[in-house]
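Sharing a structure with you now.
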């Protein structure tokens, strides 16, 4: 069995006309979860970087085991108001409104090389906001890796010249 066949497709969720790719079927399957982490790891093997950044919440699911496996630190990016220390914020547009993400103000050191890990690259809005936060703090994004990429939404086009890889494309 491959990862793509484990992903459940749900039509009209969360609203009519949206085709949702549900990865909970991968996460609850021990072999599926291992395959997903191992596939993402292969995309990062040999890459020189200092830490992994993952956005709430699925970036945590994939980023933390990769950070552990690669002996790197993990930096969470969360929705506004969820982090306990001083933060840097970025507000960005969604197709249905705006969202704000935060990172601890001391999480990125000048010149630090980081990798962004998430479950999905769709329109690229969240990833673009994360890249902007990292660069404003003096960090360098060396790679972005995703379990799934929705090619038709052209998220890569929002992310400039960064190295971007995904395991599964739709």
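Hand me the list of helices (runs of 4 or more DSSP H) wholly inside the stretch 1-65 holding 2 or more residues that are surrounded by 17 or more Cβ atoms within 10 Å (Cβ to Cβ) and in contact with a helix residue (DSSP H, G or I) (Cβ under 6 Å, 6 or more places away or on another chain).
Working: elements: 3-6, 24-27, 30-44.
Helices (runs of 4 or more DSSP H) meeting the threshold: 3-6, 30-44.
Can you find, within the stretch 128-158, the residue that is nearest to the chain's Cα centre (by Cα) among those that are closer than 20 Å to residue 91 by Cα and touching a residue at least 60 places away in the same chain (Cβ under 8 Å)?
130
So, in the stretch 149-159, how many residues would count as being in contact with a strand residue (DSSP E or B) (Cβ under 9 Å, 6 or more places away or on another chain) and either surrounded by 15 or more Cβ atoms within 10 Å (Cβ to Cβ) or in a loop (DSSP other than H, G, I, E, B) (or both)?
First, the residues of the stretch 149-159 that are in contact with a strand residue (DSSP E or B) (Cβ under 9 Å, 6 or more places away or on another chain): 149-151, 153, 155-156, 159.
Going one step further and asking which of them are either surrounded by 15 or more Cβ atoms within 10 Å (Cβ to Cβ) or in a loop (DSSP other than H, G, I, E, B) (or both), we end up with 149-150, 153, 155-156, 159.
So the count comes out to 6.
Is one or more of the residues making up the stretch 121-138 part of a strand (DSSP E or B), surrounded by 14 or more Cβ atoms within 10 Å (Cβ to Cβ) and modelled with pLDDT of 95 or more?
Taking every residue of the stretch 121-138 in turn, at least one turns out to be part of a strand (DSSP E or B), surrounded by 14 or more Cβ atoms within 10 Å (Cβ to Cβ) and modelled with pLDDT of 95 or more.
The values are calculated or read from the model by the stated rules, or taken from the named source; none is laboratory data. Quick caveat: nothing in here was measured; it's all calculated off a predicted structure. A quick note on method: Cβ atoms are made from the backbone with ideal geometry, for glycine too, and the neighbour counts reach across all protein chains shown.
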